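For reference, the structure discussed in these notes is given below.
The values are calculated or read from the model by the stated rules, or taken from the named source; none is laboratory data. Here the structure is a predicted model, which is why all the values come from computation and not from measurement. FYI the Cβ positions are ideal-geometry reconstructions off the backbone, even for glycines, and counts take in every protein chain you see. Surface areas here come from the heavy atoms of the whole protein model, side chains and all, with no ligands, DNA or RNA. Shrake-Rupley method; radii C 1.70, N 1.55, O 1.52, S 1.80 Å.
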Amino acid sequence: LKGNILRGREIFNGKGACYYCHGIDGYIGRPPRLTVDTAALIAKLNPPPSDLRNPEELRLKTDKERARAIREGH
């Protein structure tokens, strides 16, 4: 795959704020320090955030599917 891994990590762990729900570097068991309110909101997500390190959960195959899931959720 073509891409810039370092730039992707920077977005994931930075302005994209993906790490809030999916964990630092995609490790769902390594959440960042969050305010109690933010952590409570994430805990209520249904469905819960995907474990991005588990290939079985990465069922979206096209960029269009992935973009929609990021914008709207699964």
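The requirement of being on the phi > 0 side of the Ramachandran plot and more than 10 Å from the chain's Cα centre (by Cα) is fulfilled nowhere in segment 15-36; no residue meets it.
Quick one: is residue 30 open to solvent by 80 Å² or more (accessible area, probe 1.4 Å), in contact with a helix residue (DSSP H, G or I) (Cβ under 6 Å, 6 or more places away or on another chain) and of a type in the set (Lys, Arg)? Yes. Residues that are within 9 Å of the chain's Cα centre (by Cα) and not hydroxyl-bearing (Ser, Thr, Tyr) were ranked within segment 37-57; the one that is nearest to residue 70 (Cα to Cα) is 49. One residue stands out among those in segment 62-74 that are in a loop (DSSP other than H, G, I, E, B) and open to solvent by less than 80 Å² (accessible area, probe 1.4 Å): the one that is nearest to residue 14 (Cα to Cα), which is 73.
Kindly provide the set of residues from segment 40-60 that are surrounded by fewer than 14 Cβ atoms within 10 Å (Cβ to Cβ) and among the small types (Gly, Ala, Ser), ordered by number. Residues satisfying the conditions are 40, 43. Scanning segment 12-26 for residues that are assigned to a loop (DSSP other than H, G, I, E, B) and open to solvent by less than 100 Å² (accessible area, probe 1.4 Å) turns up 13, 14, 16, 17, 18, 23. Scanning segment 36-50 for residues being of a type in the set (S, T, N, Q) and not in a helix (DSSP H, G or I) gives a total of 2.
Between 59, 53, 9, 33, which is part of a loop (DSSP other than H, G, I, E, B) and in contact (Cβ under 8 Å) with a residue 12 or more places away in the chain? From the options 59, 53, 9, 33, the qualifying one is 53.
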